[in-house]
Amino acid sequence: MNLQLQGQTVAILGAAQGIGRAIAESFSAEGCRLGLFDRKADPAPPTGTVLFREGDVTRLEEVTSFAADLGPIDHLVYAVGGGSGKFGFPFWNVPPSAWARVLELNLIGAVHAAHAFAPVLTERGEGSVLFVVSVAGQMGSQTDPPYSAAKAGLINFTQCAAKDFAPYNIRVNALSPGMVKTALNEAVWAASQARLPEAERIDYELWAQRKIRATAPLGRWQTPGEMAAVSVFLASPLARNITGQTINVDGGQVMH
């Protein structure tokens, strides 16, 4: 399908692996120019990459510098995410000191990106912004309370930003993955097992299968490629009347 994105420029933060990498590859396949930002370099970035910057999204000056060097863009994607590395059930298992970095990475970094690129997006007067969130932000997940709270905050900020950007014909949405095989998902498994006696621990595949069967009506993994497909659709003219929405690609885990 021709999504009419040929030649457009996309800034993607969190683009070196997982969902962010899949999103970058899908925009590349649509013929887009890519400006990529991640904490570590990608030795083989997708075709069409015009800038790859190593940096920390929690440092506003680094994100602002990336935006200035990339110049005008058509679309912004924030695909950064990270948890506390602790199993938060009950929540007091995660000390308050573990919250700050999780909030900075998942929420404040997204605010940095939106601020850094707002001038070029509003000047252009057309485009889109996409924040990758999580089903955890919609259901008060007890697995990692700081992560859940941060993603809930980002869903709310999506709505705020959608209202502010609407007069400039810029659409803002949130993409909410469910169970995806990523390093972050595996870290959740590791944290959950660390608190169990060794005899009760199970391997990652068995843990994931049990969790999927218990939480997802469709009973199967979601994939980075599925997230990427929705991402490029939301950037396209086919989604011209979709803004302020949280799109769940979760096998039915969250049903409102």
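Laboratory data are not the source of any read-out in this text; all were calculated from the coordinates shown. Small disclaimer: the values here were computed from a predicted structure and weren't measured. Cβ coordinates were reconstructed from backbone atoms using ideal geometry, including for glycine residues, and neighbour counts include every protein chain displayed.
Some observations on this one:
- Going from the residue with the fewest nearby Cβ atoms within 10 Å to the one with the most, Glu200, Glu62 rank Glu200, Glu62.
- Close Lys pairs in region 9-249, defined as Cα atoms under 29 Å apart and 8 or more places apart or on different chains, number 10.
- Taking Trp207, Trp99, Trp189 in turn, the Gaussian network model of the chain (Cα-Cα springs below 10 Å) assigns the largest fluctuation to Trp207.
- Proximal charge balance of Val172 [Cβ under 9 Å; K/R count +1, D/E count -1]: +1
- When the charge dipole of the chain is built from unit charges on Cβ atoms (+1 for Lys and Arg, -1 for Asp and Glu) and taken about the Cα centre, the candidate among Ala214, Ala161, Thr58 whose Cα reaches farthest toward its positive end is Ala214.
- Sorting Asp38, Asp203 by the number of Cβ atoms found within 10 Å of their own Cβ, with the fewest placed first, yields Asp203, Asp38.
- Distance between region 205-251 and region 28-53 - C-alpha centres, whole angstrom: 23 Å
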